[in-house]
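Structure first, then comments.
Every number in this text was worked out from the coordinates using simple rules, so none of it is lab data. Remember, it's a predicted structure, so these values are computed and weren't measured experimentally. Virtual Cβ from ideal backbone geometry, glycine too; neighbours counted across all protein chains shown.
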Amino acid sequence: MIDRERLQANADAVRRRVAEACRRAGRDPSSVTIVAVTKTVDAEVAEALIGLGMTDLGENRAVEGAEKVARVRGRATWHFIGHLQTNKARRMLERFAVMHSVDRLDVAVELEKRLAAVGRRLPSFVEVNISGEASKGGQPAAGAPEFISRLRRDCPHLDVQGLMTMAPNVAAEETRPVFRGLRELSRSCGVAGLSMGMTNDFEVAIEEGSTHVRIGSAFFGGMRGTETRNGAGPEGGK
């Protein structure tokens, strides 16, 4: 049974934190899209979040996520935020409206082929490994402008709207150079969207210009039955 009172309190707290970070940065809170990452909870909890007004939800697995999306009733925009294998492209496109992790040319080409066949454009973010950590995926920062230029030329059905990154797992303030670096890179790439910031660092990300924050565990703290599943972490990424 869902602890709806706790879920409501957590959602209200997330909204307050986003609004306060926007106030510090001189931004309108409506300029930040909160993507509630539901990969560690079941469809019933995801549906409850929609009922609380969270209209943007995220999943990081193409097959399992698509099955959850299919079971959830209500109006929501579903964001795919994980690593995509080319053989899972069809399943992802069947259910998800936005992709945050275009990281390789083979993935882009496969998506383009399927999108072109149905005349659809997919709002997308190119994942960039700003921190340079070997454990993280994404295009190297130096190659991002050329990669985006190629996508615009060869994959016109990928509507590249911004960049995405995952910061190192360090204290929140220590992530600031990473987020600032992505913001500066976005200018040279000619895109405005910035998908950056998770539960432990989203306020810093907002202060540095994030337009999409991917928040998981902040929604589910103190709730029974929302433990991490399949060994996956609670946040939005790989």
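What spacing in nm lies between the two simple spin-label points modelled at Glu94 and Asp42, each 7 Å away from Cα in the Cβ direction?
2.2 nm
Under the rule of -39500 (n - 2.57) per DSSP H run of 4 or more residues, summed and divided by the residues of the chain, what mean residue ellipticity at 222 nm is obtained, to the nearest 500 deg cm²/dmol?
-12500 deg cm²/dmol
Mind sorting Cys189, Cys155 by how few other Cβ atoms lie within 10 Å of their own Cβ, fewest first?
Starting with the residue having the fewest Cβ neighbours, the order is Cys189, Cys155.
For a quick check: sort Glu133, Glu208 by the number of other beta carbons within 10 angstrom, fewest at the front.
The most exposed by this proxy come first: Glu133, Glu208.
List every residue whose amide H lies under 5 Å from the amide H of Asp56, counting only residues 5 or more places away in sequence or on a different chain, with H placed 1.01 Å from N in the peptide plane.
Ala36, Thr77
What's the ranking of 15-23, 156-164 by average number of surrounding C-beta atoms within 10 Å, highest first?
156-164, 15-23
May I ask you to order 35-46, 65-76 by the average number of other C-beta atoms within 10 Å around their residues, highest value first?
Final packing ranking: 35-46, 65-76.
Can you spot the aspartates and glutamates whose alpha carbon is less than 17 Å from Lys113's alpha carbon? Ignore those fewer than 8 places along the same chain.
Excluding near neighbours in sequence, the set is Glu94, Asp103, Asp154, Asp159.
Relative contact order (percent) for the chain, with alpha-carbon contacts under 8 angstrom and 6 or more residues of separation?
Here the relative contact order equals 23 percent.
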